[in-house]
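Just so it is clear, none of the values below were taken in a lab; they were calculated from the coordinates. Model, not experiment: these values are computed from the prediction. Cβ sites come from the backbone with ideal geometry, for glycine too, and all protein chains shown count toward neighbours.
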Ligand SMILES: NC(=O)c1ccc[n+]([C@@H]2O[C@H](COP(=O)([O-])OP(=O)(O)OC[C@H]3O[C@@H](n4cnc5c(N)ncnc54)[C@H](OP(=O)(O)O)[C@@H]3O)[C@@H](O)[C@H]2O)c1
């Protein structure tokens, strides 16, 4: 274990498996303490165990785009570990494939809610929870489909660039420049 992230605390959303869990494992291996989230409580408990138990990780179940869940996860992280230094907005859904001209707009609204608006809401909340004062780092996981054509998932084309570029666009908001 290295201490690159020693004394730092991270929230990683959508992290009971896959890329989110791998990010959490790496951060813990480099000294961070983490809060991982996902909808299903049981896999989340298993993820916390895999991350080394409550000394290193807590798991808060909920839907990533639910503001009450966001507040609960941030409050639990501050309570357990003293603050939030890193946010990894990893949750992303991709329930529809196919051509954009065939896209069900109700599905598109849900995708925007979970993949884009939710990520913005998490950013706002960690900012208000302390990053505005002590700085920190935010990573929004997107997809290569946001930067180049992906014909098989063309219905996602309007969403991916938003989740890829919104952090870049919001950099100017991060006075005094430490986020
Ligand atoms: N894997 C790829 O090839 C690939 C390619 C391009 C982009 N990405 C992006 O990378 C990120 C991670 O992908 P992945 O393949 O690692 O995903 P994954 O293996 O399917 O894992 C998804 C994680 O997110 C949780 N989750 C799903 N929906 C959620 C919701 N609404 N609220 C809270 N948690 C939720 C899942 O747990 P529960 O089911 O219990 O909620 C699980 O922990 C996503 O943003 C994805 O779009 C992945």
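Report the label-to-label distance for residue 139 and residue 101 in nanometres (one decimal), using points 7 Å from each Cα along the Cα→Cβ vector.
For the pair residue 139/residue 101, the computed spacing is 3.9 nm.
On a C-alpha basis, how far is the centre of the range 76-125 from the centre of the range 130-149 in Å? Whole number, if you could?
Here the two parts' Cα centres lie 11 Å apart.
I need the Kirkwood Rh of the range 9-171: take the reciprocal of the average 1/r across all distinct C-alpha pairs and report it in angstrom.
For the range 9-171, the Kirkwood estimate is 16.1 Å.
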